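Working notes, beginning with the structure itself.
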Amino acid sequence: MSDGQKYYLIREDVLPESVKKTLKVKKLLEREPQISIFEAVKRYDLSRSAYYKFKDTIFPVEDQTRERNITLLVHVDDNVGLLYRILECIAAEKGSVLTIHQSLPIMEKATITISLNAREMQLTINELLEKLKQIDGVNQVQLLGMNM
């Protein structure tokens with residue numbers, strides 16, 4: 001998006017309650033299109049003005065996944081075959097790897113930066129991060145960014 005706006009990825013736990021409630025209202029309206037906005041905001045104890053203020057400015061990352069390229073930073077132990085297992089996991093979920101950079105190991109630890117196209121993936125970004133964390137030898141997985 002080249003509209004001059006700046007975009008940020010931010011963890012949910014630091015969002016104000018009104019923004020969290022706006023996300024809940026949006027999800028409710030998507031699930032139950034017959035419900036009115038008035039009923040939806042009332043259900044979550046949110047003012048209509050707060051809903052209208054945030055509704056077009058906040059979107060869960062997983063809602064944006066299928067049309068996005070994402071970049072991950074993976075902290076790993078220096079184990080033979082670990083990069084293969086990580087790439088195998090991404091491929092099994094139909095992620096298309098675009099770039100890979102693995103640092104030289106220091107004290108038997110390394111970092112891997114992976115950019116991938118998630119268009120065909122059925123998992124959300126959070127589900128993918130959790131799945132990668134389950135691989136033996138993976139210490140941490142972070143979402144560095146995504147194309148907007």
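The values are calculated or read from the model by the stated rules, or taken from the named source; none is laboratory data. Because the structure is a prediction, the values reported are computed rather than measured. Cβ atoms come from the backbone with ideal geometry, glycine included; neighbour counts cover every protein chain shown.
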Picked from the range 1-31 (must be outside any helix (DSSP H, G or I) and modelled with pLDDT of 90 or more), the residue farthest from the chain's Cα centre (by Cα) is Pro16
Tabulated pairs, the range 48-66, first surrounded by fewer than 16 Cβ atoms within 10 Å (Cβ to Cβ) and aliphatic (A, V, I, L, M), second modelled with pLDDT of 80 or more and not in a helix (DSSP H, G or I), C-beta under 9 angstrom, 6+ apart or interchain | Ile58/Leu15
Pair list, Cβ < 6 Å and 6+ apart or interchain, from the range 127-145 residues that are under 17 Å from Glu93 (Cα atoms) to residues that are surrounded by 15 or more Cβ atoms within 10 Å (Cβ to Cβ) and of a type in the set (Lys, Arg) | Ile135/Arg85
So which residues in the range 92-148 are of a type in the set (S, T, N, Q) and in a strand (DSSP E or B), if there are any at all?
-> Ser96, Thr99, Gln102, Thr111, Thr113, Ser115, Asn117, Asn139, Gln140, Gln142
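When you look at Ile125, is it surrounded by 13 or more Cβ atoms within 10 Å (Cβ to Cβ), within 12 Å of the chain's Cα centre (by Cα) and assigned by TED's automatic domain parsing to the domain that holds Leu83, yes or no?
yes
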What's the number of the condition Thr99 fails, among (1) free of Cβ contacts under 8 Å to residues at least 40 places away in the same chain; (2) closer than 19 Å to Gly145 by Cβ; (3) β-branched (Val, Ile, Thr); (4) surrounded by 13 or more Cβ atoms within 10 Å (Cβ to Cβ)?
-> (4)
Which condition does Asn117 not pass, out of (1) surrounded by 17 or more Cβ atoms within 10 Å (Cβ to Cβ); (2) of a type outside the set (Ser, Thr, Tyr); (3) more than 30 Å from Val19 (Cβ to Cβ); (4) out of contact with any helix residue (DSSP H, G or I) (no Cβ under 9 Å at 6 or more places or on another chain), if it passes all the others?
-> (3)
